[in-house]
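To start, the structure under review is shown below, and the notes come after it.
The values are calculated or read from the model by the stated rules, or taken from the named source; none is laboratory data. As the structure is a computational prediction, the values presented were derived from the model and not from experiment. Every residue, glycine among them, receives a Cβ derived from its backbone with ideal geometry; neighbour counts consider all protein chains shown. For accessibility, only protein heavy atoms count, side chains too; no ligands or nucleic acids. Shrake-Rupley method; radii C 1.70, N 1.55, O 1.52, S 1.80 Å.
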Amino acid sequence: QVHLVESGGGLVQAGGSLRLSCTASGRTFYAMGWFRQAPGKEREFVVAITWSDGSTKYADSVKGRFTISRDNAKNTVYLQMNSLKPEDTAMYYCAGRVGLLDVRPNQYHYWGQGTQVTVSS
């Protein structure tokens, strides 16, 4: 059975930092992505990484502030979020896919339950 388990969300003031983690089990993925969804908005791409060589792709809105990394031995990807803004407030989800890096949520077939990130102004 496939499981993706996120952790690390919370409440932080604007300008602060959080680190999210996502541990995968039950299946080998080629790429892992982080997405977020704010109330009343569509789920949007944040960043993705490949397990094999660590290739990454970032949304323009988070470039220079967020960093994705992976620990293959622990089957875990991390999302370091710095200089957080109120507009970063959302439920953050990790997702896995067997294919190449992709920014489209519908191309990911395995999802975690999400972790809430709230940034106060």
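Checking every one of the chymotrypsin sites (Phe, Trp or Tyr not before Pro) in the range 14-90 against DSSP loop status and a limit of 10 other Cβ atoms within 10 Å picks out no site at all. Divide the volume of the convex hull around the Cα atoms of the chain by the residue count and you get 92 Å³ per residue. Between His3 and Gln37, residue separation times 0.36 nm minus the direct Cα-Cα distance comes to 10.2 nm.
One chain, two ends: Thr50 and Asn106. Fully extended at 0.36 nm per residue, the span grows by 18.4 nm beyond their Cα-Cα distance. Using θ = phi - 60° in the Karplus curve 6.51 cos²θ - 1.76 cosθ + 1.60, the 3J(HN,Hα) couplings for the range 61-73 round to 5, 10, 4, x, 10, 10, 9, 9, 8, 9, 10, 4, 5 Hz; x is entered for Gly and Pro. Loop-located trypsin sites (Lys or Arg not before Pro) in the range 45-93 (DSSP state not H, G, I, E or B) with no more than 11 neighbouring Cβ atoms inside 10 Å: Lys63. Per residue, the accessible area of the chain comes to 51 Å² when a 1.4 Å probe rolls over the protein heavy atoms.
Nearest 5 is fine: what % of DSSP beta bridges in the chain come out antiparallel, could you say? Among the beta bridges of the chain, antiparallel pairing accounts for roughly 90 percent.
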